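Down below is the structure, laid out as structure tokens.
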Amino acid sequence: MKNNYSSLDNLTLQKLIRAGDQEAFKIIYERYWDKIFVICNNRLPQTDIAEDLLQDIFVSLWKNPKLDEIQNLEAYLFQATKFSIIKYLNRSSRVEYIDHTSYGLLDRIEELNLDDTLNSKELQQLIFQEIERLPEKTKIIFNYSRIDNLNSKEIAEKLNISPRTVENQISKSLKHLRIFINNLKSLLFF
């Protein structure tokens with residue numbers, strides 16, 4: 001039966017996978033695992049991490065309730081790989097490099113020249129997700145500063161803290177987001 005499946009196109013296989021067909025899933029896995037593994041292995045510090053990420057990507061594919069609606073499976077898998085690597089690097093980032101030209105980063109998203117598949121809307125979503133992971137007080141201060149456009153004195157009065165504390169928290173937020181953006185920028189290999 002495997003030989004019959006190997007001649008099927010991706011869209012047909014995707015429909016079979018959605019119906020729970022493991023043989024169809026094996027064919028898709030065999031078609032793409034090596035390409036995805038090479039990408040992961042080239043961008044991640046250890047082979048076992050690349051293998052784990054590869055498995056996570058395919059488990060996610062198997063569980064995707066809209067799998068049969070994906071028009072270009074290869075592009076989907078490469079995009080999923082990119083985002084998985086970004087998430088991993090963010091979680092494990094120990095980078096302390098700060099690019100001082102990245103100040104005002106959220107105001108200049110369009111200037112980042114990220115890959116065409118990662119449009120500014122997706123980038124904004126990733127950045128806002130990263131902002132949500134900031135400590136609560138830092139996130140509140142950052143949102144007052146960058147979203148509500150309040151200055152340090154206004155934020156300090158609103159939260160009953162010193163303007164210096166506000167500035168420190170904003171600086172900490174920007175440093176964290178710069179590291180995040182630098183990790184994104186390093187993945188422009190697609």
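Only residues that are in contact (Cβ under 8 Å) with a residue 60 or more places away in the chain and touching a Ser or Thr at 6+ places or on another chain (Cβ under 7 Å) were counted in segment 1-53, giving 1. GLU132 meets all of the listed conditions (1) touching a residue at least 12 places away in the same chain (Cβ under 8 Å); (2) within 27 Å of ASN90 (Cα to Cα) but one, namely (1). Considering segment 10-20, the residues that are surrounded by fewer than 16 Cβ atoms within 10 Å (Cβ to Cβ) and of a type outside the set (A, V, I, L, M) include one that is farthest from LEU61 (Cα to Cα), namely THR12. For segment 136-173, a tally of residues being surrounded by 15 or more Cβ atoms within 10 Å (Cβ to Cβ), among the aliphatic types (A, V, I, L, M) and either outside the structural domain of GLN125 (by TED's automatic domain parsing) or modelled with pLDDT under 85 (or both) returns 1. Would you point out the residue of segment 21-50, among those that are of a type in the set (Lys, Arg) and in contact with a Phe, Trp or Tyr (Cβ under 9 Å, 6 or more places away or on another chain), that is surrounded by the most Cβ atoms within 10 Å (Cβ to Cβ)? Within segment 21-50, the match that is surrounded by the most Cβ atoms within 10 Å (Cβ to Cβ) is ARG43. Against the definition (within 27 Å of LEU126 (Cα to Cα) and at pLDDT 85 or above), how does GLN79 come out, yes or no? Spelling it out, GLN79 is indeed within 27 Å of LEU126 (Cα to Cα) and at pLDDT 85 or above. Pairing each residue of segment 55-73 that is touching a residue at least 60 places away in the same chain (Cβ under 8 Å) with any residue that is surrounded by fewer than 16 Cβ atoms within 10 Å (Cβ to Cβ), provided the two are 6+ apart or on different chains, yields C-beta distances under 8 Å for GLN71/LEU11; LEU73/LEU11.
The values are calculated or read from the model by the stated rules, or taken from the named source; none is laboratory data. This structure is a prediction, so every number in the text was calculated from the model and none was measured. We place every Cβ from the backbone using ideal geometry, glycine too, and count neighbours over all the protein chains shown.
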